[in-house]
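Just below is one structure, and these are the notes that go with it.
The values are calculated or read from the model by the stated rules, or taken from the named source; none is laboratory data. On a predicted model such as this, the values are computed, not experimentally measured, just so you know. Methodologically, a virtual Cβ is constructed for each residue, glycine included, from the backbone with ideal geometry; neighbour enumeration extends over all protein chains shown.
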Amino acid sequence: WSQDKKLKSAPGELGAQFRHFIGHLTLLSALLSVVLSADDFFPLGAAPYALRLVGCMAQLWAVYSFLALLGDAGRLNTLMQGASPEQCFDAPLLASRSFQEVWGVRWNLVVHGYLKSLVYKPLRARGASGAVAVLGSFLASGLLHEYTFSLHNRGAYKFGSA
């Protein structure tokens, strides 16, 4: 979808991507060690009622770190071949000011680009309104998520239960 972008990697891009990879690996390791630690762990004196909020935030960061780690590994592989791949994320949890910015602008940029070029733009070109094209992209994203969940939970998964 980004035909106007450069394909050849820039000097130093491989080293920078390797540092990203190591950073995400370290963050994921630290998060998992906290999340998987004792049940009575209350960081910074958080009361038990706040544990769920802390747990949700830790899980969100763990999911982001895991996906960013996978994206970094793929980018490293592509950079070692001399090409410059797209970024997978654009600091969604730190740089965003709203949920719309997290999910709509900074999260999973590769899939965002595919959905925009394969669903949103064709619907708009056929005369659909912006709202209808966004809804179509949202439905396509939902189907992709359902498909992914069904692949990873083949025996225990029922459609629509994710």
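Would you mind telling me which numbered condition in (1) surrounded by 13 or more Cβ atoms within 10 Å (Cβ to Cβ); (2) in a helix (DSSP H, G or I); (3) not assigned by TED's automatic domain parsing to the domain that holds Leu14 Tyr157 fails?
(2)
Has region 58-78 got any residue that is over 14 Å from the mean Cα position of the chain (by Cα), more than 26 Å from Gly15 (Cβ to Cβ) and in the same structural domain as Gln17 (by TED's automatic domain parsing)?
yes
Return the residues of region 102-128 that are of a type in the set (S, T, N, Q) and either surrounded by 15 or more Cβ atoms within 10 Å (Cβ to Cβ) or touching a Cys at 6+ places or on another chain (Cβ under 8 Å) (or both); say none if nothing qualifies. Before the answer, list the steps.
In the first step, residues of region 102-128 are kept if they are of a type in the set (S, T, N, Q); the result is 108, 117.
If the condition is that a residue be of a type in the set (S, T, N, Q) and either surrounded by 15 or more Cβ atoms within 10 Å (Cβ to Cβ) or touching a Cys at 6+ places or on another chain (Cβ under 8 Å) (or both), then Asn108 is the only one that fits.
Of the residues Ser117, Ser65, which single one is hydroxyl-bearing (Ser, Thr, Tyr), closer than 16 Å to His20 by Cα and not in a strand (DSSP E or B)?
Numbers: Ser117 fails: closer than 16 Å to His20 by Cα.
The conditions single out Ser65.
Test Leu79 against the stated conditions and say whether it is surrounded by 12 or more Cβ atoms within 10 Å (Cβ to Cβ), without any contact (Cβ under 8 Å) to a residue 60 or more places away in the chain and not in a loop (DSSP other than H, G, I, E, B). Before the answer, list the steps.
On the way: surrounded by 12 or more Cβ atoms within 10 Å (Cβ to Cβ): yes; without any contact (Cβ under 8 Å) to a residue 60 or more places away in the chain: no; not in a loop (DSSP other than H, G, I, E, B): yes.
Criteria not met by Leu79.
Take the residues in region 87-136 that are at positive phi and at pLDDT below 95; name whichever of them is farthest from the chain's Cα centre (by Cα). It would help to see each step written out before you state the result.
Filtering region 87-136 for residues at positive phi gives 91, 108, 127.
Cutting the leftovers down to at pLDDT below 95 gives us 91, 108.
Values: Ala91: 10, Asn108: 4 Å.
Applying the filter and picking the extreme gives Ala91.
Condition (residue is closer than 29 Å to Pro122 by Cβ, at pLDDT below 85 and touching a Gly at 6+ places or on another chain (Cβ under 6 Å)) applied to region 1-22: is it met by at least one residue?
Of all residues in region 1-22, those closer than 29 Å to Pro122 by Cβ come to 1-7.
Now narrow it down to the ones that are at pLDDT below 85: 1-7.
Then keep just the ones that are touching a Gly at 6+ places or on another chain (Cβ under 6 Å); that gives 1.
Checked against the condition, which is being closer than 29 Å to Pro122 by Cβ, at pLDDT below 85 and touching a Gly at 6+ places or on another chain (Cβ under 6 Å), region 1-22 yields at least one hit.
Return yes or no: is Leu27 modelled with pLDDT under 85 and either in a loop (DSSP other than H, G, I, E, B) or not basic (Lys, Arg) (or both)? Let's see the steps before the verdict.
Values: modelled with pLDDT under 85: yes; either in a loop (DSSP other than H, G, I, E, B) or not basic (Lys, Arg) (or both): yes.
For Leu27, the condition - modelled with pLDDT under 85 and either in a loop (DSSP other than H, G, I, E, B) or not basic (Lys, Arg) (or both) - is met.
So which residues in region 105-162 are aromatic (Phe, Trp, Tyr) and more than 17 Å from Leu70 (Cβ to Cβ)? I'd like the intermediate steps shown before the answer.
Pass one, region 105-162, residues aromatic (Phe, Trp, Tyr): 107, 114, 120, 138, 147, 149, 157, 159.
Those that are aromatic (Phe, Trp, Tyr) and more than 17 Å from Leu70 (Cβ to Cβ): Tyr120, Phe138, Tyr147, Tyr157, Phe159.
Evaluate region 129-147: report whether one residue or more is surrounded by 13 or more Cβ atoms within 10 Å (Cβ to Cβ), in the same structural domain as Leu14 (by TED's automatic domain parsing), of a type in the set (Gly, Ala, Ser) and in contact (Cβ under 8 Å) with a residue 12 or more places away in the chain.
no
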